[in-house]
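First comes the structure, then the notes that go with it.
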């Protein structure tokens, strides 16, 4: 099944309950609807399984929406943006100012996610979770800034526990403000120079995959830059052993945009919204959220496999099969936005195709 | 590059020239536009290469359309349908009547391609190239029937040379009738119970890949059915050694829908229309067309890799990287139709994204 989940992601490792973190309970999926949807897929005028991965995708949408008449209504895309203390050490191919510059590019419509949100009819919102700049107000920009950048996690924890909890609370407020009750699909993206460094450490601590295998070129580091990034992250692990509690992990190595993504996953799942996951950093946030409440993963569709080195291993750990594999590594929600067109196709095929019986088409021989 | 071509597909092996077969010359792509498009991609606000396969895809559309302002205008989808003499021997999991039944399903809007053409805004036409039934007239059905089914190629040639040439001529007429001069994208699909058997033999003869590796389960043969299909195709090769001339190959083992697809590839390329290729059978037709005029491949985008066994090897032979890999194996043009949304995204990103200079975004460090 698309985005089905590993046993290891099926248990919470969080010392604090979702409720104590302020999150509502996530409803378990309805196995009856799932089974009925599976049967309907097999009744459609095509050989069994011939729609490939579109079939479990449509079934998942049915299960999330608890209906055999699934729809994609008023999709919303949110890009959470923040800066990272670690970025001052040179873990990215781009200067830190690009976070702020790209937020402006999102808002003026020239970024990839701006173009794709228009194309896919998704309502695009940009959230300042912790950009290291004073951003001018804009109708599509939500100020949820926790602080101008996290701290440098080589020398101290990236954020305080209170900041992390505040990021969760603001993520809930953002979702409730920009995802209307009629909306049933939320696409999650991120922007933050240096955030694949943060995500790599988090993945290492969450999965046990060797650190070197969790570290990739991000926006395009050369070999020397990649080695430097690995060495810097190793030095962060020398400061203290990585914790296992997802909240503690966020505090130590997280970013404000990553913390808000975790909050968005948990809160939107409790509202039974289908979640379209973008690339490496957003997938790490999904895994963190699943360690707080594993039911999150029932609401996730992993949009694509990024070319960022570790994403394939992370998806394998999640037992998730991404919709697309186009060699993209841009972030912003861009891969998920393209996957939205495939999700829409899966839903339309499920609801509009004729059945063998209805169309008078003969079944398989023998 | 997406759908770039192997040396072996870069030469004609046809004893008759395209002109003598009735086809107009195919213009070579413009290397200047290609280079300019490549430069523009690198100027957009994203790390170099971060849009992955969407980048060469957009460049290809520019090169085909000879412009740095590419568009997708009035896309047309054509499904060529025909029956196969070989199908009476039981090479398919479905009875032969399904070809006719599915044509009706296409026309009444209940088939996968019907749903996807609506979703993608493509104008859908069904062509009766040789269905073994008298089909009722329908405004979306074009009668180009060469004969009610090909002959059984185990005992005799599937069609005559005149029939093959007539199929080419009718394909040209179909294209000129349903692809308006403003239209710049043509999606090619097929329907024909038994046609993966025909395509497997053609692939074997064209590529030298061992026959067993060219034969797959089609619409869903079990292991015994697969063995039977292989044995039947081997017996066809025992009748006479496979020819190398693409026209002779079509005559021996082809289908009327495959012959018309070959004609459609050649004629639409001469009109400089971008061609969106569906699965295994359509890709075999593309390779046949390329053996008549290799320039065809400059106009092709391979929409997806089918789960039909041999398609991956065929795409490798063509040095083509398909847009999607969703495990689909339905035919009808369904994989190509979903790929259309990705092509559209690539084009929109190319034309609408801001440049680093225009958006005031900093370039890469160092």
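The C-alpha atoms of chain A define a longest principal axis, and helix A:161-178 lies at about 40 degrees to it. Which of rounded, prolate or oblate describes the protein assembly as shown when judged by the alpha-carbon gyration tensor and an a/c cut-off of 1.5? Because a/c hits 1.5 or more and a/b exceeds b/c, the protein assembly as shown counts as prolate.
What's the FRET efficiency of residue A:28 with residue A:73 using the Cβ-Cβ distance as r and R₀ = 30 Å, to the nearest 0.05? That gives a FRET efficiency of 0.85. Angle, helix B:98-108 long axis vs. longest principal axis of chain B, Cα atoms, 0 to 90°, nearest 10? Compared with the principal axis, the helix lies near 40 degrees. Distances between copies of residue B:134, taken at a point 7 Å out from Cα along the Cα→Cβ vector and listed shortest first: 8.4 nm.
If R0 is 35 Å, what FRET efficiency do you get for residue B:316 and residue A:35 from their C-beta distance, rounded to 0.05? Write down the numbers at each step before the final one.
Numbers: r = 39 Å, r/R0 = 1.11.
Working from the Cβ atoms, E equals 0.35.
Mind running the shape call on segment A:301-341? Use the C-alpha gyration tensor, a ≥ b ≥ c as the square roots of the eigenvalues: rounded below 1.5 for a/c, prolate if a/b tops b/c, oblate otherwise. The shape class here is oblate. Sorted from closest to farthest, the other copies place their residue B:228 label points 6.6 nm away, with each point set 7 Å from Cα along Cα→Cβ. So what is the relative contact order of segment A:305-352, in percent, for Cα pairs below 8 Å that sit 6 or more residues apart? Contact order relative to length: 35 percent.
Of all DSSP beta bridges confined to chain A, the antiparallel ones make up roughly 5%. Calculated FRET efficiency, residue B:123 to residue B:48, Cβ-Cβ distance, R0 = 45 Å: about 0.75 to the nearest 0.05. Overall form of segment A:76-342: rounded. Here a/c, set by the Cα gyration tensor axes a ≥ b ≥ c, is under 1.5.
Springs join every pair of Cα atoms under 10 Å in this Gaussian network model of chain A, and among A:13, A:207, A:355 the largest mean-square fluctuation is at A:355. Per the rotation superposing chains B and A, the chain B residue found at the smallest beta carbon distance from the axis is B:341, 2, distance in Å.
In this simple spin-label model, placing a label point 7 Å from the Cα along the Cα-to-Cβ direction at both residue A:234 and residue B:364 gives a separation of 2.5 nm.
Over all residues in A:316-325, what is the mean tally of Cβ atoms on other chains that come within 10 Å of each residue's Cβ?
Whole-number average of other-chain Cβ neighbours for A:316-325 is 2.
In chain A, helices alone account for a calculated mean residue ellipticity at 222 nm of -13500 deg cm²/dmol, with every DSSP H run of four or more residues adding -39,500 (n - 2.57). Note: relative contact order over chain B, using C-alpha pairs below 8 Å and six or more positions apart, is 27 percent.
Comparing mean-square fluctuations of A:94, A:256, A:299 from a GNM of chain A with C-alpha springs under 10 Å, the top value falls on A:94. Using a Gaussian network model of chain B whose springs link C-alpha atoms within less than 10 Å, name the residue from B:169, B:129, B:339 with the highest mean-square fluctuation. So, out of B:169, B:129, B:339, the one fluctuating most is B:169. Taking segment B:250-281 and a reference point 7 angstrom along Cα→Cβ of residue B:161, the backbone N atoms nearer than 17 Å belong to B:250-254.
Where does helix B:31-43 land angle-wise versus the long Cα axis of chain B, in degrees 0 to 90, nearest 10? That helix lies at roughly 60 degrees to the long axis.
Summary for residue B:11: label point 7 Å along Cα→Cβ; distances to the equivalent points in the other copies, ascending, 6.4 nm.
Taken together, the values in this text are just the output of simple stated rules run on the coordinates, not laboratory data. Everything numeric here is computed off the predicted structure, so don't read it as measured data. As a convention, Cβ positions derive from the backbone with ideal geometry for all residues, glycine included, and neighbour counts pool all protein chains shown.
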